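Encoded as structure tokens, the structure appears first; notes follow it.
The values are calculated or read from the model by the stated rules, or taken from the named source; none is laboratory data. Note that the structure is predicted; figures quoted are calculated from it, not measured. Neighbour counts run over all protein chains shown; Cβ positions are idealised from the backbone, glycine included.
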């Protein structure tokens, strides 16, 4: 077990805060910027049921930087004005952080997302765990890959925004 | 339900109008469970590739009745009521798994994967003449077509292939002749009545889903055809690839790679009441739907590859299936929000009106254009008759 340096843990926690702030304030450019600029940067949102069964289908399958960029187009250009909007609040707890190599960490973080439609009644949208590979870059930490693995077997209503 | 309690609803005279209240009335939903979900219709509950190995099982629900679908050790896929033959306790709680035997924990009655009772403690003290042979797990009627497993809880349902009628060939073309391999699930719940899902039409597609216009992506020739006897709807169309686009950086999710006997073909079948079968671009998708209650509908989007696909084809199918036509798909996410709003709006008085493609308000058509909404009207007429709702004379 390679314990991460306190400084790197601080950078990783800062990354998580930037990720949450970006999504909860619907700043999707800032969301994309929490991922590495490498062409193989990846974001997956996949059910724990599929993961357990070793089935590859995901709810969001952004296996390259271009796909992450395209998700912003889906949300801001294609789907805009077709759905009743909702606010999200992410709550997280880091449970695991292990150095894979110098400046590269595998991180696990529990998440729950509460959502509030325009009509105001808040509810749980989804619960799960992030399994990430994080790289420490010159100006901070970024996700090389983030897998949001959700426990919620049947998701409620409709999902517009990444977990 | 005795006849005196059967809910009534006056249906409008015109063939292109529907009473909105049927989407929101709980008494209507209860009658639908009896007449449709537990009535003389077949319901798809699984594709064989979801339970490929001996002992594989899946649980599902039709009309509030819990079902256990098992690939038995003898190779047969059987469907059981998910309920112990003893006191009715739910046998299996998992959504999927693999077991060679199923044991009810309550009194430890144990069943083989073929449903036979193989163990029951203290049976020397049971009622006179007790025999294990008389207590297998119970089954609804089961039939199979193109590796799709169907059940019906009625003895009056015609044989499956008769019931499928004219959409049989379309299903065969959608699912192909070679065996399929399961790629995975997207499971979501819509805050809407089940009928709103199956009422999705051809008119809305280029209007609601803006990606089509933004990509200048126009469908090739296509047609919708109706089974006038059973309410099924079939769709056949050409696939025209998208030209150059700057809308997305990764255009591979809207590309088309497959070369099969039906190259260039899109096939969609909406079986009455709720099962959807979709073959579009490189996506092979079955939508199993559960009408949970009058305002909650669960949809399991299940995706497949062909068993003989090479690695790059499988990858193409995974990427496209995940991102294009499902609950978070580029050209489909908007549907879920519309279902939700139809449900809210249907709590108002009056009728829902169909216009696009309606050439006469007095008769139904068995074939319409691909972007008409009138394709759903024959299904609604079948529903009306099944439910016993009278049509207004004026």
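On the basis of being buried (at least 20 other Cβ atoms within 10 Å of the Cβ) and out of contact with any helix residue (DSSP H, G or I) (no Cβ under 6 Å at 6 or more places or on another chain), does residue A:157 make the cut?
Yes: the conditions hold for residue A:157.
With the requirement that a residue be in contact with a helix residue (DSSP H, G or I) (Cβ under 9 Å, 6 or more places away or on another chain) and more than 24 Å from residue B:167 (Cβ to Cβ), what does the range B:210-226 give you?
Scanning the range B:210-226 gives B:210, B:211, B:212, B:213, B:214, B:215, B:217, B:218.
Within the range A:9-113, which strands (runs of 3 or more DSSP E) (wholly inside it) include 3 or more residues that are surrounded by 14 or more Cβ atoms within 10 Å (Cβ to Cβ), more than 8 Å from chain B (Cβ to nearest Cβ) and in contact with a strand residue (DSSP E or B) (Cβ under 8 Å, 6 or more places away or on another chain)?
Of the strands (runs of 3 or more DSSP E) lying wholly inside the range A:9-113, those with at least 3 residues that are surrounded by 14 or more Cβ atoms within 10 Å (Cβ to Cβ), more than 8 Å from chain B (Cβ to nearest Cβ) and in contact with a strand residue (DSSP E or B) (Cβ under 8 Å, 6 or more places away or on another chain) span A:42-47, A:86-101.
Of all residues in the range B:1-32, count the ones that are buried (at least 17 other Cβ atoms within 10 Å of the Cβ) and closer than 30 Å to residue B:148 by Cβ.
Of the residues in that region, 7 qualify.
Test each condition in (1) more than 30 Å from residue B:274 (Cβ to Cβ); (2) surrounded by 15 or more Cβ atoms within 10 Å (Cβ to Cβ) for residue B:147 and report the one that comes out false.
(1)
Which numbered condition trips up residue A:80, out of (1) free of Cβ contacts under 8 Å to residues at least 40 places away in the same chain; (2) under 14 Å from the mean Cα position of the chain (by Cα); (3) closer than 18 Å to residue B:248 by Cα?
The number of the failed condition is (2).
May I ask you to verify whether residue A:126 is more than 13 Å from the chain's Cα centre (by Cα) and within 14 Å of chain B (Cβ to nearest Cβ)?
So residue A:126 fails the test.
For residue B:172, all conditions in the list (1) touching a strand residue (DSSP E or B) at 6+ places or on another chain (Cβ under 6 Å); (2) surrounded by fewer than 18 Cβ atoms within 10 Å (Cβ to Cβ); (3) outside any loop (DSSP other than H, G, I, E, B) hold save one; what is the number of the exception?
Of the numbered conditions (1) touching a strand residue (DSSP E or B) at 6+ places or on another chain (Cβ under 6 Å); (2) surrounded by fewer than 18 Cβ atoms within 10 Å (Cβ to Cβ); (3) outside any loop (DSSP other than H, G, I, E, B), the odd one out for residue B:172 is (1).
It is to be established whether one or more residues within the range B:179-200 are within 14 Å of chain A (Cβ to nearest Cβ), outside any loop (DSSP other than H, G, I, E, B) and at pLDDT below 85.
no
Just wondering, is there one or more residues in the range B:93-107 that are over 25 Å from the mean Cα position of the chain (by Cα), part of a loop (DSSP other than H, G, I, E, B), surrounded by fewer than 14 Cβ atoms within 10 Å (Cβ to Cβ) and on the phi > 0 side of the Ramachandran plot?
No - not one qualifying residue is present in the range B:93-107.
Restricting to the range A:86-102, count the residues that are farther than 17 Å from residue A:130 by Cα and free of Cβ contacts under 8 Å to residues at least 40 places away in the same chain.
Going through the range A:86-102 one residue at a time, the tally reaches 2.
Need the failing condition index for residue B:189 against (1) buried (at least 19 other Cβ atoms within 10 Å of the Cβ); (2) in contact with a helix residue (DSSP H, G or I) (Cβ under 6 Å, 6 or more places away or on another chain), just the number.
Evaluating residue B:189 over (1) buried (at least 19 other Cβ atoms within 10 Å of the Cβ); (2) in contact with a helix residue (DSSP H, G or I) (Cβ under 6 Å, 6 or more places away or on another chain) leaves (2) as the failure.
If a residue must be at the interface with chain A (Cβ under 8 Å from one of its Cβ atoms) and either under 30 Å from residue B:21 (Cβ atoms) or surrounded by fewer than 20 Cβ atoms within 10 Å (Cβ to Cβ) (or both), how many such residues does the range B:315-338 contain?
Adding up the residues that qualify gives 6.
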